Amino acid sequence: MPQHIKRLIGVFAVFILFFLVLQQVLKPDSFGELGHFRAKAIYENSLRPMHYTVADSCTKCHKDIRIDKDLGFHIKLKCEVCHGPALAHSLYAGNFKDKELPDSLTLYKPGERKDCAICHELNAARIKIQFDTLNTTMVHQIDVLTHHPFDPKTKVPFKCIECHNPHQP
Amino acid sequence: MNDETTKLSRRDFFKTGTVLAGGVALATASLIPYDGLLFASEAPGAKGKWYGIGIDINKCIGCGKCANACKIENNVPRDPFYFRSWVEQYTIKNDGAILVESPNGGIDGFKQAAPTADIYKSFFVPKMCNHCAKSPCTQVCPVGATFETEEGIVLVDEEYCIGCRYCVQACPYGCRYIHPEKGTVDKCTLCFHRLKKGLQPACFEICPTEARIFGDLNDPHSKINYFLKNHTCMVVKPHLNTGSKLFYNALSPEVR
């Protein structure tokens, strides 16, 4: 074997060794256990905080409203669709019976016209035909501008919830 | 060039030729042809859960509550350019023009795009990460900061991401963005933190018309398998062969 090849082999061996050591030092732990990524990242991803709870958790304290809702057209709507994320509320509001709720636990009460319009405003894209015979979905639509906009006598603008109970419309 | 190396005897030519041809034939035989139904039934070689998503366009009323819930649950910036999940309104007019709009991802509701007399058809398409089984986005990551879990969920390793934006470019569905504060990429995790507690992802939890269905494709009795059996479902951009696991019922060919 020529002399220069031998030297080259030596140099390469040193380089490769150096690289392997560097790789061991720089590689984060748990990398490569399940694939080309840090296996710990899966666990870290599961640690994020929650904000929404589950539909049934309101029933414990607001049974009457749940019963009302389940008898009406809004049966499929979850409470959090209208009231917003309520995990903290459903965990801690029990301590404030017959007291003012602190700001962090009060929930949004969507009483404005635009809150209902988000689902009920007239729009050609909303479904009007029954496609699915198993589960019917069609949302009744109204023209928010002309559907009882204000009191005919006093001319005061109406809110939807003055005529419709939001929990049992 | 040296004459000796370029001259090839007839025997040598056949020898190397046969070896090469045989090698190519062997290599192609060992490739598995793509089976479109593979990902709808079970994970390639995986046991346990294999999550899939179904969206029924016929049921979506475009309230945008899913997009809103997603932002709150996952602390996505409120600015109208960052979305993990959003809703688009498609309007196809009588003259063939296609209007697509998504004002603030649909969070503030939609306005009808054209007068009713001009509209041939119109519908809402909720969009989110397809959690592809052969994700183009995970393949391009230079550092291994994004990956598919055994359950078929595509996740991002925030600690390890270098913010190079390759995956943002690679995703054919536009489901990734760079988080303005963290500087790393962010995407739908199918609410992995809720899944691990046995709950539904926030957008599925909140949907008022049950247009979103989610479940385990490996479980023959799951909601998603019932949905797939009873509807003619389609994925977006099937020609890209991404192994997408987001199945739409009543998907129009205009949707892209």
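The values are calculated or read from the model by the stated rules, or taken from the named source; none is laboratory data. As the structure is a prediction and not an experimental result, all values here were calculated from the model. Here Cβ is always computed from backbone atoms with ideal geometry, including for glycine, and neighbour counts include all displayed protein chains. Heavy atoms of the whole protein, side chains included, go into the accessibility calculation; ligands, DNA and RNA do not. Shrake-Rupley method; radii C 1.70, N 1.55, O 1.52, S 1.80 Å.
Within segment B:89-106, the set of residues being within 22 Å of the chain's Cα centre (by Cα), assigned to a strand (DSSP E or B) and more than 10 Å from chain A (Cβ to nearest Cβ) comprises B:VAL100, B:GLU101. Counting the residues of segment B:224-233 that are farther than 11 Å from B:ILE53 by Cβ and more than 8 Å from chain A (Cβ to nearest Cβ) gives 5. Among the residues making up segment A:93-118, a single one is among the aromatic types (Phe, Trp, Tyr) and part of a loop (DSSP other than H, G, I, E, B): A:TYR108.
Mind listing whichever residues of segment A:28-64 are more than 10 Å from chain B (Cβ to nearest Cβ) and assigned to a loop (DSSP other than H, G, I, E, B)? A:ASP29, A:SER30, A:GLU33, A:THR59, A:LYS60, A:CYS61, A:HIS62, listed by residue number.
Of all residues in segment B:221-248, those that are open to solvent by 10 Å² or more (accessible area, probe 1.4 Å), closer than 17 Å to B:TYR90 by Cβ and not in a loop (DSSP other than H, G, I, E, B) total 1. Answer yes if at least one residue in segment A:79-89 is modelled with pLDDT under 90 and either assigned to a loop (DSSP other than H, G, I, E, B) or open to solvent by less than 40 Å² (accessible area, probe 1.4 Å) (or both), and no otherwise. No - not one qualifying residue is present in segment A:79-89.
Apart from one condition, B:VAL185 fits all of (1) aliphatic (A, V, I, L, M); (2) within 12 Å of another protein chain (Cβ to nearest Cβ); (3) surrounded by 22 or more Cβ atoms within 10 Å (Cβ to Cβ); the exception is (2). Residue under question is B:ASN218, and the condition is that it be part of a loop (DSSP other than H, G, I, E, B) and crowded, with 21+ Cβ neighbours inside 10 Å; does it hold? Criteria not met by B:ASN218.
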